[in-house]
Structures are given as C-alpha cells and as structure tokens.
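Encoded as structure tokens, the structure appears first; notes follow it.
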Amino acid sequence: MVIAFEGVQFQRGDCTVLRDITFQVERGETVALVGRSGAGKSTLLKLINRMLEPCGGRVLVDGRDTRTWHPTALRRQTGYVLQEVGLFPHMTVARNVGLVPTLAGWPTQRVGERIRELLDLVGLPPGEFAARWPDELSGGERQRVGVARALAADPPVVLMDEPFGALDPITRAELHREFGRIQRRVRKTIVLVTHDMREAFALADRIGVLDAGLLVACGPRSALETSTHPTVRTLVESAFN
Amino acid sequence: MISLFQFWSSHASELWALLGQHVALVVVSTAAAVAAGVPIGVIAARRPRVGAPIAAAASVVQTVPSLALFGFLLPLPLVGGVGARTALAALILYALLPIIRTTAAGIRSIDPAILEAADAMGMTSRQRLMGVEFPLALPAIVAGVRVSAVVGVGTVTIAAAIGAGGLGEYIYRGLSMVDATVILAGAVPAAALAMLVDGGLLMIERALSARRRAPGTMRAAFTAATMMAGVAAVALAATPRTERIVVGSKNFTEQVILGELMAQAIERYAGLPVDRRLNLGGTFICDRAIQTGDIDLYVEYSGTALNAVFKRPIQRDSRAVLDEIRERYADSGRSMLMPLGFSNTFAILVRAADARARGLTRLSQLAEHAPKWRAAFGYEFLERPDGFRGLADTYRLRFREQPRVMDLTLVYRALAEGQVDVVAGDATAGLIEALGLSMLEDDRQYFPPYDAVPVVHSATLLRHPEIGRAIGRVSGRVTADTMRRMNYAVDARRLDPAAVVAAFLDELDRGV
C-alpha cells in the first residue's frame, strides 16, 4: 500500500489550505507531518481516507485515485486515531475495539479473539479492561484503546491526528516507546500529524514540514537538520531545547 | 373525600374503562408522534433548511388551544368526526413538536469528534445513525416523549368534549352537574396518571443519560413501553365494535338526563344495546355527529335547530317551527321524532330577593334596573342572533358593563353568589329553585320556542324502526315541570341521572 499526493491543492471557501503538495509514503513507512496549527496537517490527513476531496491534483491510495474508491471500502483500509480519541461513550472498551470488524461482518468469535489480541498488543490486559466504559479510563488508556480500535480490522494504513497531543509528558514518553514496539510488530504504513518535532523525530522514518499550505521540506531527520529553510530551522531547534 | 371513594367504588367498572381509554389515547398518540417526529427531528438536525419549516409549523400548532384545534379537525374527512379519531389527530399534532425538537437537539449536541471517528471507521450514514447518533440522542428523545406524554394526559381530558372518552368524561359531567365530587373523580386519577407517566419516563431518561448503559436498562425501558402498549391494547379490545345505538347529548344537566332518557327508553322498549356519548361540547358538535352517523340520536330544541343548525330567521310560532325543521331534517338524512312535551326556552334570571324588593316580574321592567347591574351569559347566548343582541334591542337593555362570558354551568351559582345580577339560563333548570332564583316573564315574546325533539340519523331509523316506537312511548310525557324536577334531582340533590331517569320510566310504566 502506497500513498501518493500529486500536485494536491485544497481550498476552503476563499482560503487556500494546501497548495501543490507532492510526496509519497512507502509501504511500512512512518511519515510524520509537522507544522504549526493551521498549517494544513489535518486536512492533508483527511484527504487520504476521503473525508475530504482535493480541489486540484489527486491523491492515490494503492495506486487508485481516492475519488474512485468507495469511501467505506477505503476507510476500512485506513485506521484512524484522533487527538480527542472519539471513543463511543455508549459502548464498552471491547465493543469500541470490535466495532469495525463487526461492521465488516467478521464472525463473533473471531471478533472476540481479535479484541483480546489487540488489547494485549496495546498493553491493556483484556480481563481488566474489556468490560470497562470509556469514562472509566485515564487519558493514556483511552488513547491506547483508540490505537487498538484503529488497528482492529488489520488495515494496511493507519492515520494518526495528534494522537498523543493531549497527554502528560510521562504518559506520552511511555506511549512513544509502545508505538515503536507495536510498529515493529505490525509494520503498518503510518501517516502521523504532530506539532511537536521531538515526537516526529522519535516516531517517524521521514518528516514532512508544512508551512502555510506548502510542503517546505520532506526527508529523514538528517536531511531536516541540515535544512536552511527558516521554518524548518525553528522547528528543529525547538526539538533540542 | 369519602364521597369521592364512594363514587369510585360505585362506578368502578366505568372508571377502569375510562382510565383504559385515557391511557390508550395517550399511548397511541405518543407512539404515532414518535414514529413521525423522530425522523423529522433527524432531518431537521441534518438539513436545517428542510427541517426548520416543519418544526415551525409544529410550534404554531402547539399554540392553538386544544378546543379550537378539535373544532378545526371535526369537519375534516378521515381524521374528523366525533370520537377518538379527532382526539388522536389533535394529540399527535401536539406531541410532535417536543419530540422533533429534542431529537434534533439531541443529535446536534453529539461531540463532533465522535462523529468524525464514526465516519473515519467507514460507517455508512445509516450505521452511524442507528449505531451512534440514536443511542447518544436517546436520553434527549425520551425527554421529548416525556413532555409529549404528560401534555397528552392533560389534553385527553379536554377531548371528552368531542366524545373521545377518557377521564375527562367525569370532569365534564361534574362541571355540568356542578358536582365537585364527580369533577375530582376524573381530575384526581388524571393528575395521578400524569405524575406516573412523568416519573416513569424521567427514570428511564436518567438511566439512559447515565451514559453507562447497564444492559438491563434498555430492557426495562422496552418492558415498560410494552406494558403501556399492552394496557392500551386491552382497553381498545374492551370497547367492542358490535352494532350499538349511540346516543349523544350536549354538555349540561338537562341534556345528559335527556340523553339518558333516550338511551334507557331504547334499552327498555326496543331491547337494543346503547352506547352513551353524553356531554358532547355543544350544538355544532352534536349536529356534525348525527350527520356523519357518529351518533345515532340526540335531543335538540326546535328553535336551536331552526336558527343554529339551519340558519333560518327566528319564528315565534311553535307549530310552524316544528313543521319547518321536520322538513329540513328529513331532506338531509336526519329524522325528527315527536316532541317530548316541554319547551326549554331561555330564561332571564335574577335573584328572587332582588325581584321581590323591586317588584320585578317581567322582562320589560328590567331596562330600568339594568344600568346598575352586571350580566353574565354563556358563549352561545352572546353569539347567537336569537340571543343577547336581539334581547337587548327588544327590551332596550344597557348593563353597567359589557356582559361577561361564562360557562353555562357556572352562571346560576355566579348569580346566587352575587358576582353578577342577571344571567340567561334554561327555563327548566333545577337550580332556579334550588338556588333561590327568579325567572322574568318574556312579555314581548322575544324568545322563540325551544321544544325538545329527538333527532335520529335516518339510516339508523330505517334499520331499527323499533327505536321510533320506543321513543314514542315517552313523547309528550315530559312536561316542563317533570323536566325541572329531574334537573333538580340531579343538580341539587346530587342523584345519578341514570337513577332519576329509571325512576321516571318506572312511573310511566306504572301509569302514574
């Protein structure tokens, strides 16, 4: 599964949010998109699972224009983790995690196995957590459930929008380690949005820097550290303070 | 208090039937309003441009007083007519707004992150609605249902005016008999029912909004709903739809007695089962009902028929009036039977003490005192051409202030208690003597004759000619004096109309 942006432009009303974005994400690669609030990071993410459609250019997933994908089929291929998590408050942890497989028509028993497997994977013992309700969880636990839910139907692509933004530094550091461990095991194609360069360095293979709708840099850590672009410099320096 | 329990225990089976009808009307109308209102609420939440006008229309309906709404609906085909149908239509219209509003608000208030998550998980619009939006909006929807059901319990009591049944029957019966016990017999269970519905639905609402849905709660809510529906079904099944003769009456004591008289005569002499739709809200409603066949028979007054039903100019000659309305009824599917024997003309009443002190016996003497006095009249009397306006012209009456509008059932007591000094009542009212009132003679013959005549839906009379023979046995036998005596027995001595009528028929049968 490869994601490709080809000259993508996006406008909301008169305001141009993204202009001429071109880059690719390889299979099994983790790419972080970094930039200030309003730089267009979340918009870019939503173009991948067709929550939004480009106004110019095209977005390809697995070689196919997203506009030719059926939205439901495309979204079953792309797990999604939000900053606010968006767990369904009227469902237990187990039902939240098992929702997409259930919608996809998996047999009940396999859904149950998958729930246990995923809760184990994200470090929440199923015996203790499966029957809990979202409002009984800490922020970190909720975010782990969010990750488990996104991985439930084993999608090849996972999109993460500020997944650890609302957490305290200690929990965040812990989840960064977990992220690495999980990613080594599941090898997903991951696009991650963050405003924190340190987080991007910790998690991603490559980092794209967005500034006012333009992709001003895209490369591994070493490439960014030698960049002369002022926005990139500011962000890189912030990672060392 | 004791008399209230006595009334309930002596009317136990009727009480349960009325309570059943009441619950049935509320449950059926609320269920229908949920079925229509929730989808409209969803549309209103998603497409404000489509939903807003519908919600606006629903809130306009909400402001129409219920009696007026019944009045609008009565003449309509399909939904109209005397009985439960019109009441249901009105109740559904009333119940819609709260349900539409809370559904829309409940759906709009869902955290956008949750909806984004649902979309991102590839839920279809339908899956999102059923799996996420509905469950999360459910407490709000239940709150709307609660408001609708409680309003419904109250509105159903008013629906008794158009013959829908329910606990309002007792309230109207009590009002027409000026009997607080009978009013309470209907009002207390209606209030208790409203509190029960409110409390029950509030508990469900609380349980639902506690976010964590114990699996039992949904089941409990479902069970409660099923039980309510069960009660309604039993109540509906308990009202058999076999062919019965339906006797109606307007909503004052004499009419209730006459309705009872017609009913018992048919039961006694024709051996047919009878349904009583007594206390219907006025001439207009009774006449509509007899034309459509919703009721088969009621007693009308000749002058009222000529003027209010057929819109013909007033005549003073009793025989000429009877001939004309007999012909007009016959031309329009209704049959007038022989007059019962008395005329219930309007009576202008004053306190007997005032009359004595001023030597007041005739209406032509009233003009002299009127400028110092206040008057109160029933709504019909103020509006009808043979009512107040003509009276004021004929006798040159000017009162101290604009005459007050008052329910017919209240004017006698208002006069006796000195709230007003002149009222228009019925010549046969038992309360005239009971409350020490005095009737002024119509010495310029202003009031037209109001001979009591049974009017029958012609098709019914053709199917059951024995009805005509049965009523014939009481024709001409009910004198003004007899009528006043029966009115007095019910109004002042608090006797049951059915018992009073049975005693009268027993006397007739014995040839007294």
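The values are calculated or read from the model by the stated rules, or taken from the named source; none is laboratory data. What you see is a predicted model, and the numbers here were worked out from it, not measured in a lab. Glycine also receives a Cβ, built like all others from the backbone with ideal geometry; neighbour counts cover every protein chain displayed. SASA here: full protein model, heavy atoms, side chains in, ligands and nucleic acids out. Shrake-Rupley method; radii C 1.70, N 1.55, O 1.52, S 1.80 Å.
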| Do we find that B:HIS457 is buried (at least 23 other Cβ atoms within 10 Å of the Cβ), within 26 Å of B:GLY248 (Cβ to Cβ) and either under 22 Å from the mean Cα position of the chain (by Cα) or not aliphatic (A, V, I, L, M) (or both) in this structure? | yes
| query | Out of the stretch A:172-190, which residues are over 23 Å from A:LEU44 (Cα atoms) and out of contact with any Asp or Glu (no Cβ under 9 Å at 6 or more places or on another chain)? | reply | A:ALA173, A:GLU174, A:LEU175, A:ARG177, A:GLU178, A:GLY180, A:ARG181, A:ILE182, A:ARG184, A:ARG185
| query | Can you tell which of B:GLU441, B:GLU417 is under 22 Å from B:SER343 (Cβ atoms) and charged (D, E, K, R)? | reply | B:GLU441
| Residue that is farthest from the other protein chains (Cβ to nearest Cβ), among those in the stretch B:104-115 that are assigned to a helix (DSSP H, G or I) and within 49 Å of the chain's Cα centre (by Cα) | B:ALA104
| field | the stretch B:100-116 residues that are at negative phi, paired with ones that are among the aromatic types (Phe, Trp, Tyr) and open to solvent by less than 40 Å² (accessible area, probe 1.4 Å) (beta carbon under 7 Å, 6 or more apart) | value | B:ILE114/A:PHE88
| Considering residues of the stretch A:83-95 that are free of Cβ contacts under 8 Å to residues at least 60 places away in the same chain and open to solvent by less than 10 Å² (accessible area, probe 1.4 Å) only, the residue nearest to B:VAL132 (Cα to Cα) | A:PHE88
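Can you report the number of residues in the stretch B:3-15 which are loosely packed, with under 13 Cβ neighbours inside 10 Å and either of a type in the set (Asp, Glu) or under 21 Å from B:VAL153 (Cα atoms) (or both)?
2
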| task | Please name all residue pairs, on different chains or six or more residues apart, with Cβ atoms under 6 Å, provided the first residue is in the stretch B:312-334 and is crowded, with 19+ Cβ neighbours inside 10 Å and the second residue is part of a loop (DSSP other than H, G, I, E, B) and modelled with pLDDT under 90. | result | B:VAL321/B:GLN315; B:VAL321/B:PRO449
| With the stretch B:374-446 as the region, which strands (runs of 3 or more DSSP E) entirely inside it contain at least 1 residues that are of a type in the set (D, E, K, R) and in contact (Cβ under 8 Å) with a residue 40 or more places away in the chain? | B:422-426
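Out of curiosity, is B:LEU91 more than 14 Å from chain A (Cβ to nearest Cβ) and closer than 30 Å to B:ILE290 by Cβ?
The answer is yes for B:LEU91.
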| query | Any idea which of (1) more than 14 Å from every other protein chain (Cβ to nearest Cβ); (2) at pLDDT 85 or above is the one A:LEU137 doesn't satisfy? | reply | (1)
| query | So which residues in the stretch B:165-176 are surrounded by 24 or more Cβ atoms within 10 Å (Cβ to Cβ) and in contact with a Ser or Thr (Cβ under 7 Å, 6 or more places away or on another chain), if there are any at all? | reply | B:GLY166, B:LEU167, B:GLY168, B:SER176
| Out of the stretch A:23-55, which residues are in a loop (DSSP other than H, G, I, E, B) and charged (D, E, K, R)? | A:GLU26, A:ARG27, A:GLU29, A:ARG36, A:ARG50, A:GLU53
| request: For the stretch B:103-113, name all the residues that are touching a Leu at 6+ places or on another chain (Cβ under 8 Å) and surrounded by fewer than 21 Cβ atoms within 10 Å (Cβ to Cβ). | output: B:ILE110, B:ALA113
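Among the residues of the stretch B:473-497, write down those that are part of a loop (DSSP other than H, G, I, E, B), of a type outside the set (Lys, Arg) and open to solvent by 20 Å² or more (accessible area, probe 1.4 Å).
Passing the criteria: B:SER475, B:GLY476, B:THR479, B:ALA492, B:LEU495, B:ASP496.
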| request: Only strands (runs of 3 or more DSSP E) wholly contained in the stretch B:291-364 count here; list those with 3 or more residues that are closer than 18 Å to B:GLY259 by Cβ. | output: B:297-301, B:334-336
| field | Top-ranked residue of the stretch B:116-143 - restricted to ones that are more than 9 Å from chain A (Cβ to nearest Cβ) and of a type in the set (D, E, K, R), ranked as surrounded by the fewest Cβ atoms within 10 Å (Cβ to Cβ) | value | B:ARG126
| query | Across the stretch A:96-126, which residue is most open to solvent (accessible area, probe 1.4 Å) among those that are part of a helix (DSSP H, G or I) and within 13 Å of another protein chain (Cβ to nearest Cβ)? | reply | A:THR102
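Results for (1) more than 23 Å from A:LEU18 (Cβ to Cβ); (2) more than 9 Å from chain B (Cβ to nearest Cβ); (3) assigned to a helix (DSSP H, G or I); (4) among the polar types (S, T, N, Q), shown as yes or no for each residue.
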| residue | (1), (2), (3), (4) |
| --- | --- |
| A:GLY57 | no, yes, no, no |
| A:ARG75 | no, no, yes, no |
| A:TYR80 | no, no, no, no |
| A:PRO89 | yes, no, no, no |
| A:ALA94 | yes, yes, yes, no |
| query | Somewhere in the stretch B:425-434, is a residue closer than 23 Å to B:GLY359 by Cα and more than 26 Å from the chain's Cα centre (by Cα)? | reply | yes
| query | Assuming A:GLU237 fulfils every condition listed in (1) part of a helix (DSSP H, G or I); (2) open to solvent by less than 20 Å² (accessible area, probe 1.4 Å) apart from one, which condition is it? | reply | (2)
| Given (1) within 16 Å of A:PRO89 (Cβ to Cβ); (2) of a type in the set (S, T, N, Q); (3) open to solvent by less than 40 Å² (accessible area, probe 1.4 Å), number of the condition B:THR157 does not satisfy | (1)
| note | The condition from (1) more than 20 Å from the chain's Cα centre (by Cα); (2) without any contact (Cβ under 8 Å) to a residue 24 or more places away in the chain; (3) surrounded by 17 or more Cβ atoms within 10 Å (Cβ to Cβ) that B:VAL34 misses is numbered (2)
| note | For the stretch B:146-174, pairs from a residue that is farther than 14 Å from B:PRO189 by Cβ to a residue that is among the charged types (D, E, K, R) and part of a helix (DSSP H, G or I), with Cβ under 7 Å and 6 or more apart or across chains, are B:ARG146/B:ASP198; B:ARG146/B:GLU205; B:VAL150/B:ASP198
| Out of (1) touching a residue at least 40 places away in the same chain (Cβ under 8 Å); (2) assigned to a helix (DSSP H, G or I), the odd one out for B:LEU462 is which? | (1)
| said: Looking at the stretch A:207-223, can you tell me whether even one residue there is free of Cβ contacts under 8 Å to residues at least 12 places away in the same chain and not basic (Lys, Arg)? | reply: yes
| Which one is surrounded by the most Cβ atoms within 10 Å (Cβ to Cβ), of the residues in the stretch B:369-392 that are modelled with pLDDT of 90 or more and not hydrophobic (A, V, I, L, M, F, W, C)? | B:ARG374
| task | Hand me the list of helices (runs of 4 or more DSSP H) wholly inside the stretch A:139-218 holding 3 or more residues that are closer than 17 Å to A:VAL81 by Cβ and open to solvent by 10 Å² or more (accessible area, probe 1.4 Å). | result | A:139-151, A:169-186
